[in-house]
Amino acid sequence: MQMRLINRRPGRPLTVFLALLPFVLALIGYTIASEIRLAANPADKLLPAPGTIIDTAVRLFTEGDRRSGRILLWHDTGVSLMRLAIGVSIAAIIGLVTGLLIGLLPHVRAALGIFVAVLSMIPPLAILPILFIVFGLGEVSKVVLIVIGITPFLIRDMSQRVIDIPTELIVKGQTLGASSMVIALRVALPQIMPRLIQAVRLSLGPAWLFLIAAEAIASDLGLGYRIFLVRRYLAMDVILTYVLWITALAFLIDWALRTLSRRLYPWAGEGL
Amino acid sequence: MAFVDVENIFQSYGPRPIIERVNLAVAEGEFISIVGASGCGKSTFLRLLLAEERPTRGTIRIDGAEPALEPGRERGIVFQRYSVFPHMTVRDNIVAAEAFQTRWGFLGGAGRRAARDRAQETLDRIGLGHMGAAYPAALSGGMQQRLAIGQALTARPRVLLLDEPFGALDPGTRIAMHDFLMELQRETRMTVFMVTHDLEEGFKLGDRVIVFDKPRWDPTDPNAYGATITYDFDARNGGIPFQTIQEDTHVLQPV
């Protein structure tokens with residue numbers, strides 16, 4: 001009998017094959033496009049051959065700068081990750097605390113609910129010039145851009161998650177004698193912690209976007225700065241190496257957060 | 001004055017009356033089953049008893065105290081769903097009944113050890129002693145409801161409220177839970193209110209079965225009138241009233 005497509009599941013080997021397929025296809029597509037361009041013009045810089053990219057990557061990861069001797073890629077990575085970590089941590093803490101207050105306390109909800117909804121509609125990049133003017137061109141303005149960029153989303157998501165906690169559990173806590181503080185600390189907080197990690201994972205994409213945007217405009221070190229610097233020489237091999245490196249970092253961070261969430265909150269069930 | 005005294009309760013949501021003119025006097029240690037069709041205000045009445053909502057008119061007093069403004073430790077509750085905290089282990093769910101009274105919700109040092117020991121005793125009593133370290137998601141429906149009842153009783157409430165506690169259980173587990181609950185009730189002499197859809201369950205467990213229904217019905221506007229208590233059965237002795245002789249007689253009794 002012909003089974004419906006929605007009921008047909010791939011076996012284990014096929015699953016691995018299907019997971020790898022898009023990567024292989026993308027690589028083949030790129031290689032073919034690169035071959036075509038290089039055949040027409042061996043000096044073409046737009047689509048360097050995969051071999052060239054690997055050579056460049058090895059050079060970038062291992063060889064120091066000719067003038068200072070420092071391996072710039074590692075310094076770029078360190079500075080960028082530091083900015084990202086500080087920005088995302090501050091945003092997560094503000095989102096968690098404000099979300100708890102809005103979700104649990106009707107008075108705070110009445111005061112801040114609409115305000116946060118309006119605030120989240122401000123395009124963060126549009127106020128980037130203001131940040132550079134107010135906070136200068138140093139580290140602060142870059143971190144603040146990340147914070148401003150993702151905090152409204154985190155606040156809204158966290159407040160909704162708190163509101164979504166079944167009323168039964170909140171009432172149950174009260175019948176066991178819990179004060180508002182105890183309800184917040186022992187019922188609401190642990191229930192939304194896995195949600196916080198999930199929300200942070202979702203907001204890492206925008207966080208990288210804001211980081212690279214800020215670094216592109218004014219910086220002297222950082223992954224985004226480097227990409228926008230070598231753009232002037234059309235050094236596609238360097239840009240592509242950096243893009244792949246950023247992608248790998250972002251994927252690793254995402255995977256680490258997911259693993260952390262499963263370790264710390266085994267009761268929360270499997271997520272994506 | 002009765003232990004639980006419900007006096008002329010009205011409750012409406014906006015213009016829509018849900019329950020009206022409800023009066024009820026319950027003695028300490030009585031088991032009251034509440035039955036009625038869906039949408040007849042049973043759950044609303046339970047929420048009023050719980051003080052999760054306050055009535056539009058009328059008062060509910062427990063042991064003559066002022067009507068409560070919000071839920072507290074004198075009223076315990078077991079819901080049909082979300083009856084225990086999913087993020088705490090089975091043992092911590094019982095310990096929470098003691099820890100939640102503290103300022104920050106945590107017990108420290110000796111207090112925690114003592115509470116854990118008491119929690120283990122409770123778990124042994126309700127047959128969950130071996131599951132202390134598991135999360136509630138690993139428990140069956142019947143085990144979860146036993147845990148919920150154990151948790152509610154640990155807080156030593158004056159009145160225990162049960163909102164269709166066995167509604168989602170299979171028939172076999174349900175009967176086991178009946179025995180469990182009757183044994184606990186005999187021991188603690190707790191005053192219990194139980195909302196149920198199962199008439200047989202209501203008569204089996206309850207000392208009294210009260211029925212919520214709408215006494216007035218407007219066919220052109222079904223929501224015009226609220227529900228009230230229409231029957232109040234004596235459910236002792238298998239629901240057959242007048243089986244216990246009230247006064248002293250000289251008639252020889254079978255020994």
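The values are calculated or read from the model by the stated rules, or taken from the named source; none is laboratory data. Keep in mind the model is a prediction, meaning the values are calculated, not measured. A quick note on method: Cβ atoms are made from the backbone with ideal geometry, for glycine too, and the neighbour counts reach across all protein chains shown. Calculation scope for accessible area: heavy atoms of the full protein, side chains included, ligands and nucleic acids excluded. Shrake-Rupley method; radii C 1.70, N 1.55, O 1.52, S 1.80 Å.
Which of the residues belonging to segment B:70-92 are more than 10 Å from chain A (Cβ to nearest Cβ) and under 22 Å from B:MET190 (Cα atoms)? The answer is none; no residue qualifies. Only a single item in (1) over 16 Å from A:VAL171 (Cα atoms); (2) open to solvent by less than 20 Å² (accessible area, probe 1.4 Å) is not met by B:ARG75, and it is number (1).
When the test is whether a residue is away from chain A (no Cβ under 13 Å), of a type in the set (A, V, I, L, M, F, W, C) and open to solvent by 40 Å² or more (accessible area, probe 1.4 Å), B:ALA110 passes it. Selection over segment A:242-270 of residues that are over 19 Å from the mean Cα position of the chain (by Cα) and among the hydroxyl-bearing types (Ser, Thr, Tyr) gives a count of 1. Candidates are the residues of segment A:179-189 that are without any contact (Cβ under 8 Å) to a residue 40 or more places away in the chain and of a type outside the set (A, V, I, L, M, F, W, C); the one that is nearest to the other protein chains (Cβ to nearest Cβ) is A:ARG186. Scanning segment A:30-64 for residues that are in a loop (DSSP other than H, G, I, E, B), of a type outside the set (A, V, I, L, M, F, W, C) and over 29 Å from the mean Cα position of the chain (by Cα) yields A:ASN41, A:PRO42, A:ASP44, A:LYS45.
For B:ARG125, state whether it is touching a residue at least 12 places away in the same chain (Cβ under 8 Å), surrounded by fewer than 19 Cβ atoms within 10 Å (Cβ to Cβ), among the charged types (D, E, K, R) and within 18 Å of B:PHE180 (Cβ to Cβ). Taking the combined requirement at face value, the residue satisfies it. Restricted to segment B:1-39, and to residues there that are part of a loop (DSSP other than H, G, I, E, B) and under 23 Å from B:PRO157 (Cα atoms), the residue that is most open to solvent (accessible area, probe 1.4 Å) is B:MET1. Based on what the data block shows, is B:GLY58 open to solvent by less than 60 Å² (accessible area, probe 1.4 Å), more than 14 Å from chain A (Cβ to nearest Cβ) and in a strand (DSSP E or B)? Here the answer is yes, as B:GLY58 does meet what is asked.
Listed by first and then second residue, the pairs linking a residue in segment A:121-139 that is without any contact (Cβ under 8 Å) to a residue 60 or more places away in the chain to a residue that is open to solvent by less than 80 Å² (accessible area, probe 1.4 Å) and in a loop (DSSP other than H, G, I, E, B), with Cβ atoms under 7 Å apart and 6 or more places separating them unless they lie on different chains, form an empty list. When segment A:139-178 is limited to residues that are within 14 Å of chain B (Cβ to nearest Cβ), open to solvent by 50 Å² or more (accessible area, probe 1.4 Å) and of a type outside the set (Lys, Arg), the one that is farthest from A:ALA91 (Cα to Cα) turns out to be A:GLU168. What residue, of B:ALA27, B:ALA2, B:ALA51, is of a type in the set (A, V, I, L, M) and closer than 24 Å to A:PRO166 by Cβ? From the options B:ALA27, B:ALA2, B:ALA51, the qualifying one is B:ALA51.
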